[in-house]
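To keep things clear, I will list the structure first and then write my remarks on it.
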Amino acid sequence: MPFIPRFTLRSLAPFRASAKRVPLRRAGAMTIAALFALMLFEPAHAQASFDGWKRSFWRQAYAAGISRAIYDNAMHGVTLDREVIAKTDNQAEFVKPVWDYLERVVSDTRIENGREKLRENAPVLYQIEKSFGVDRHVVVAIWGMESAYGAVLDNHKIMRPVVRSLVSLAYDGGRYKNFGRKQLIAALKILQHGDVDPAHMMGSWAGAMGHTQFIPTTYNAYAVDFDGDGKRDIWGSIPDALASTAAYLNSSGWEPGKTWGYEVKLPHGFNYALGDTRKKRPLAEWAKLGVRRTEGRNFPRPSDEVYLLAPAGAKGPAFLMLKNFDVIKRYNNADSYALAVGHLADRLRGGDAFVRNWPDGDRPLNDDETKRMQSLLNRRGYEAGTVDGKIGSQTRAAIRSYQRDVGMAPDGFASFLLLKQLQGD
């Protein structure tokens, strides 16, 4: 994004005063010249301020053990990336339903390409699975989700120099400023270790790097040299990238030999409040409540502790989630992401699509719509609590009470159709 100087009446006052003492034509020429001078001055002033910040940040880098030579080489010629700054302000106006997200990321193309990658890299994936105990299908699914099996790394519209991105965030990243500074120090440590040089350290606007998109702090903690060339190269070495992902999941508590979760069928009249707090129960206890696997098979380990997740309420699929689901969320702390990784892994293994269909014509609420719903529930005496746009246990209980009274399945799911129902009452 080009720099656009902003002018105020106060900043133009000296030029207006000068115009009173000269002929109109000459005054106009002088004003235009002055405006042009300001247009040159403000970007130059901004660049000088940015350069000053880069010089001052050296103290933090030095305290973290970065050498002067590494710092100067990394910072040489780095300019402010205003596109990165703009991305920190981008907020989606509406909430995307999880089923739209799943349809996009677990596509036929991604499944087909993933199966090909499994065949191409079978020997190294076998060794990775043997070394870290993490299912190869999950590792490849994360690879597909994060970089489309490396295809994104060649997209220069997405990939950019990591140091420049992180410097920009550290300097003017708003709520990302502290993140940018922490990751910048970590990136400088990577350079100092000698795994990569600044020109080849490419990543996303937020500094996520390589085939499986490690941020610098995660890289420093978990990246491994699996191909034995002396470098942890997650950009050019597929073995290093995939093994680093497996090492991260292993360190996060991955349980070998277990899946991420089961799609299940809930009995008629099921009490959805059991899934509200994600209180874990043994699979045997869920089975006593009438919860069954959709394909009819028994649960393999009745003692496994799991919790219920119904992302679309009573109108969509329901799942019992094992610990490995939460381990996947260490990569990206979103249910939709972990569900997509788990489902893609199953499809790569040869599994089928989900049995239960997702709802058609409905979606979750955004913050403003949630506040409207809470206000309407409170007005009708359902005690949704503070009108804050957050779906907590009190709001869910209020939704269930309302749903029960109007003859809807009391699943506590805050949906667009529910809000329309409330508005129409």
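Key figures
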quantity	calculated
Of all residues making up region 393-415, the number that are closer than 12 Å to LYS315 by Cβ and either exposed (fewer than 12 other Cβ atoms within 10 Å of the Cβ) or not polar (S, T, N, Q) (or both)	4
Given (1) modelled with pLDDT of 95 or more; (2) more than 20 Å from the chain's Cα centre (by Cα), number of the condition ALA345 does not satisfy	(2)
Residue match in region 139-148 (condition: within 28 Å of ALA186 (Cα to Cα) and at pLDDT below 95)	no
Among (1) under 22 Å from the mean Cα position of the chain (by Cα); (2) surrounded by 13 or more Cβ atoms within 10 Å (Cβ to Cβ) - the single one ASN113 does not satisfy	(1)
Residue within region 384-406 that is under 30 Å from GLN213 (Cβ atoms) and assigned to a helix (DSSP H, G or I) present	no
Pair list, Cβ under 6 Å, 6 or more apart: region 332-344 residue closer than 16 Å to TYR248 by Cβ and touching a residue at least 40 places away in the same chain (Cβ under 8 Å), other residue outside any helix (DSSP H, G or I) and not hydrophobic (A, V, I, L, M, F, W, C)	ALA338/LYS329
Test result for TYR101, exposed (fewer than 12 other Cβ atoms within 10 Å of the Cβ), part of a helix (DSSP H, G or I) and not charged (D, E, K, R)	no
Within region 117-146, considering residues that are among the acidic types (Asp, Glu) and closer than 21 Å to TRP235 by Cβ, the one surrounded by the fewest Cβ atoms within 10 Å (Cβ to Cβ)	GLU120
Options PRO256, PRO267, PRO216; residue that is on the phi < 0 side of the Ramachandran plot, of a type outside the set (Gly, Ala, Ser) and in contact with a helix residue (DSSP H, G or I) (Cβ under 6 Å, 6 or more places away or on another chain)	PRO216
Residue list for region 64-80, restricted to those being among the aliphatic types (A, V, I, L, M) and part of a helix (DSSP H, G or I)	ALA69, ILE70, ALA74, MET75
In region 358-369, the residues that are under 16 Å from PRO311 (Cβ atoms) and outside any loop (DSSP other than H, G, I, E, B)	PRO364
Matching residues, region 202-239, being assigned to a helix (DSSP H, G or I) and surrounded by fewer than 24 Cβ atoms within 10 Å (Cβ to Cβ)	THR217, THR218, ASN220, ALA221, TYR222, ILE238, PRO239
Filter result (modelled with pLDDT of 95 or more, within 24 Å of the chain's Cα centre (by Cα) and β-branched (Val, Ile, Thr)) within region 226-282	ILE234, ILE238, THR245, THR259
Test result for ALA141, more than 30 Å from MET75 (Cα to Cα) and either in contact (Cβ under 8 Å) with a residue 12 or more places away in the chain or touching a Pro at 6+ places or on another chain (Cβ under 7 Å) (or both)	yes
Only one of LEU188, LEU166, LEU153 that is under 18 Å from the mean Cα position of the chain (by Cα), crowded, with 24+ Cβ neighbours inside 10 Å and part of a helix (DSSP H, G or I)	LEU166
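The values are calculated or read from the model by the stated rules, or taken from the named source; none is laboratory data. Just so we're clear, the structure is a prediction, and the values are computed from it rather than from any experiment. Note that we place each Cβ from the backbone using ideal geometry, even for glycine, and neighbour counts take in every protein chain shown.
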